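*Asks:* Let me give you the structure first, and then I'll get to my questions.
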Amino acid sequence: MYKNRLLAACLLTMFTTQAKAVEIGPLEVHGFLSQGYMHSSEYDFLADSDGGTARFNEFGVNFMYDLSDNLRGGMQVVSRDMGFLEDNSPMIDWAFADYHYNDLLGLRVGKVKVPLGIYNNVLDIDAARSQIIPPMSLYNFYLRDLTIAIVGGSVYGNISLDDFGDADYTAYIGNVPIETGKSFEGMLQLTSGSTLDEVENSISSGINVKWNSPYGLMLNASYVDINDIEFAGTDIATSIPYESKMEMYAYSLGAEYVWNDLTFTTEYLAVSQDMDLTVTSQFGSFTTSSSNLIDGWYAQASYRISEQLEASTYYSVSYRDSDDKDGQDALAAGSITKAFQAWHKDIALTGRYDYSDNLTIKLEGHYIDGAAFAFGTPDKRYWNLWAIKATYTF
Amino acid sequence: MKMLRLTYVFILAMGIYPLLGSSLAYTQELIVIHPDNSNSAVSQQEVKNIFLGKKTHWDDGSRIKIVVQKRGTAHDNLLKNTIGMTSVSFRNYWRKRVFTGSSRPPKTFKSDADVVAFVATKPGAIGYINSNSDHSGVKALQVNQ
């Protein structure tokens, strides 16, 4: 009863106040609370969405501290719940020291977010984007662990191009912090029906370049290379353990054009994976090698109707293997049972309501063709999903 | 003939209005800095980069402290004419920076007087106010197109 009253008081406060960041001397604290609900007509998608789920939230708090005009430090802790993949255990989202030598050159050391595409580094920040579920073709949740952050260092800067606008760059190298029970394991369950029991962290290096023209056009290019992802797990059906070594590279190209209250975005992503899988049983040790190219693209338009209302839509297409877009090879090999498991084509429509500077509510519908990223018996090619999410930031 | 004249008037009005609007809007916000700041003029692109957190230091190496307004005419004009964003996209832009650790957010005030009071006491500070507001105690920065 006391908890319910406390929750009600918190919610009432959230809806009726304009919260500001907490400032304690030079220390500044910001945060976000995001709670959603999603329901799909078929399949579990990202969370246990078949039948509906409210296990779809994220909370985060960060602080930043200026040590001097050029040196500062900060950390963000995030807790997320997303079906069986995330369980609200707090994790360090980023934590680094940032030395800003000048606008052309800065250096960050620690756990840093890395860019892959235009919106990769804001995937956890619901209020900073138009949609609840970003296009899977570029922002595939199952690749999230591999591509969202590194423990290492990055250099970054902004180059003025005078009449031609300016360019931002980021280059980075470091360890990929992969954990069991999160999105990477989700990808393994989806693609090979296996668990992740142990993982050796691997080295990731990449670069992102963004040109901001003075005409509302922004062009973005990213490249990432991840070497020697070594992990061990168990095949769920046979309980046979395996060891695997994977290498991956990905690149993306994107453009965003802002014209008054209209924003158009399109991006393309290609991910190449090479994997050696070693299975050890009483009959000996067997190694098989495989490689595949996942690719996809999306086109998106959003329109700011008023200060508070925004409508947006996208069409997103992605394939589990771009050399087998119709799924016939995978069907013949027995790795899928229906051809439509080879693709994911999604039409999304989102309404966003900014109730105040701090509170955002979104309602979203998806009409999906294919079951490439869905869990469940593949018996329906076409299905739909809707979601609602409220986010409070301070 | 009357219809033709009306059409001319309409086309003329449509052609002049944006220019008039742009000119008026441009003079409606005044960029202000601390009186000890040695800068007297910057380009429009520099103003944009300053308020987007991309230009973080003045030429003498001191840190730029950005001050923005929550809303209002000066705020809307700066965003529209110089930064090329709406109020909401500007807020979201800073949210992204804050929650990715890219930078601390700008100080936010509700009135021209609050902006002037802050800028007047903080070396390195830069803000914007309506051009007809009292700006004694701060220095107006000329913005070259």
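*Asks:* Working carefully through the options A:Ile173, A:Ile133, A:Ile178, find the one that is more than 30 Å from A:Gly365 (Cα to Cα) and assigned to a loop (DSSP other than H, G, I, E, B). Please lay out each step first, then the result.
*Replies:* Working: A:Ile173 fails: assigned to a loop (DSSP other than H, G, I, E, B); A:Ile133 fails: more than 30 Å from A:Gly365 (Cα to Cα).
Residue meeting the stated conditions: A:Ile178.
*Asks:* How many residues does the range A:144-171 hold that are away from chain B (no Cβ under 13 Å) and surrounded by 23 or more Cβ atoms within 10 Å (Cβ to Cβ)?
*Replies:* 3
*Asks:* Another question, if that's okay. Please count how many residues of the range A:353-383 are surrounded by fewer than 20 Cβ atoms within 10 Å (Cβ to Cβ), over 18 Å from A:Arg320 (Cβ atoms), acidic (Asp, Glu) and touching a helix residue (DSSP H, G or I) at 6+ places or on another chain (Cβ under 8 Å).
*Replies:* Qualifying residue count, the range A:353-383: 1.
*Asks:* Could I ask something else about it? Restricting the range A:260-289 to residues that are surrounded by fewer than 13 Cβ atoms within 10 Å (Cβ to Cβ) and in contact (Cβ under 8 Å) with a residue 12 or more places away in the chain, which is farthest from A:Thr350 (Cα to Cα)?
*Replies:* A:Ser281
*Asks:* Out of A:Met75, A:Met38, report the one residue that is without any contact (Cβ under 8 Å) to a residue 40 or more places away in the chain and either in contact with a Ser or Thr (Cβ under 7 Å, 6 or more places away or on another chain) or assigned to a strand (DSSP E or B) (or both).
*Replies:* It is A:Met75.
*Asks:* If B:Val47 meets every condition in (1) buried (at least 19 other Cβ atoms within 10 Å of the Cβ); (2) within 10 Å of chain A (Cβ to nearest Cβ); (3) assigned to a helix (DSSP H, G or I) apart from one, which number is that one?
*Replies:* Checking B:Val47 against (1) buried (at least 19 other Cβ atoms within 10 Å of the Cβ); (2) within 10 Å of chain A (Cβ to nearest Cβ); (3) assigned to a helix (DSSP H, G or I), the one that fails is (2).
Every residue, every condition in (1) under 24 Å from A:Tyr99 (Cβ atoms); (2) touching a residue at least 60 places away in the same chain (Cβ under 8 Å); (3) within 16 Å of the chain's Cα centre (by Cα), yes or no:
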{"position": "B:Asn49", "(1), (2), (3)": "yes, no, yes"}
{"position": "B:Leu52", "(1), (2), (3)": "yes, no, yes"}
{"position": "B:Asp59", "(1), (2), (3)": "yes, no, no"}
{"position": "B:Ala74", "(1), (2), (3)": "no, no, yes"}
{"position": "B:Asn81", "(1), (2), (3)": "no, no, yes"}
{"position": "B:Met85", "(1), (2), (3)": "no, no, yes"}
{"position": "B:Phe90", "(1), (2), (3)": "no, no, yes"}
{"position": "B:Lys110", "(1), (2), (3)": "no, no, yes"}
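*Asks:* Taking helices (runs of 4 or more DSSP H) that fall entirely within the range B:72-133, which contain at least 1 residues that are within 14 Å of another protein chain (Cβ to nearest Cβ) and touching a helix residue (DSSP H, G or I) at 6+ places or on another chain (Cβ under 8 Å)? It would help to see each step written out before you state the result.
*Replies:* Working: elements: B:73-77, B:87-99, B:112-121.
Result: B:73-77, B:87-99.
Matching residues to (1) of a type in the set (D, E, K, R); (2) in a strand (DSSP E or B); (3) within 14 Å of chain B (Cβ to nearest Cβ):
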{"position": "A:Phe184", "(1), (2), (3)": "no, no, no"}
{"position": "A:Tyr223", "(1), (2), (3)": "no, yes, no"}
{"position": "A:Ala255", "(1), (2), (3)": "no, yes, no"}
{"position": "A:Thr265", "(1), (2), (3)": "no, yes, yes"}
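FYI, it's all coordinate maths here, none of it is from the lab. From a predicted model like this one, the values you see are computed outputs, not experimental measurements. Glycine also receives a Cβ, built like all others from the backbone with ideal geometry; neighbour counts cover every protein chain displayed.
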